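All of the numbers you see were taken from the coordinates with simple rules; none came from a lab. Please read all numbers here as calculations on a predicted model, not as lab measurements. Note that we place each Cβ from the backbone using ideal geometry, even for glycine, and neighbour counts take in every protein chain shown.
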Amino acid sequence: MSASPVGHRHAAQRIGCVVVCLWALPVCAQIYVGVGADAPGTVVLSNHPSSVTPTLLLSENSTRPDALTLSAPSGPRAQRPLAGRAPSPAVAALIASTAREFSVAEALVKAVIAVESGFEPNARSPKGAMGLMQLMPETARRFGARDAFAAEDNVRAGTAYLRWLLDYFSGDVQLALAAYNAGENAVERAGRRVPDIPETRAYVPKVLSYWSHYHAQ
């Protein structure tokens with residue numbers, strides 16, 4: 001008995017579906033899921049493997065041009081800064097204006113300062129880092145801080161350095177923060193990963209956690 005035209009049509013449709021699915025496999029295989037976008041706890045679906053690394057973009061309202069973002073409850077748990085770790089109104093205003101100037105998330109700059117100095121303008125580390133953003137003398141000179149203990153000079157130079165690191169590491173905040181703590185050369189030597197330095201390994205998630213806290217305020 002010969003097959004009916006309807007049977008031939010259904011068979012052709014099934015073959016067509018198989019061909020389409022096989023054709024689509026390479027495309028589907030290149031879809032990655034990562035934590036990122038413009039707030040912690042955002043899933044990114046992208047055809048770029050680099051977007052898998054946890055990434056926070058450069059302002060709270062920015063979006064990736066090459067990714068579809070969907071909200072999801074994940075990411076580092078927000079950690080409340082220690083008592084007393086809050087900027088004065090003048091420092092808070094300085095952070096806000098400088099973050100806007102350099103297109104860096106205000107909450108991220110605030111988190112870095114909270115971890116680095118606890119908002120103490122005269123802080124000095126045993127290694128010689130100075131001021132609110134704990135600038136080393138070479139970094140202060142590199143980014144134009146004439147007085148590393150002057151709040152305006154310090155925050156502008158520190159934020160400029162953070163901006164530079166974000167650009168250098170293609171928006172990967174984990175790597176930018178690791179470099180802020182250990183230097184960009186240390187991150188490069190580690191194969192563009194967070195270096196296996198205990199201080200840096202603790203520093204990066206702490207800043208991200210503070211970022212979550214300030215972003216939620």
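Tabulated results
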item: Mean separation of Cα contacts under 8 Å, 6 or more apart, over the residue count of segment 119-165: relative contact order %; result: 30
item: Amide hydrogen neighbours beyond the local backbone of residue 135, cut-off 5 Å, H modeled; result: 130
item: Label-zone membership for segment 118-132, site residue 217, 7 angstrom Cα→C-beta point, backbone N under 18 Å; result: 118-121, 132
item: Percentage relative contact order, segment 91-206, counting C-alpha pairs under 8 Å, at least six apart; result: 17
item: Neighbour cut-off at most 12 other Cβ (10 Å), DSSP loop, trypsin sites (Lys or Arg not before Pro), segment 91-136; result: 127
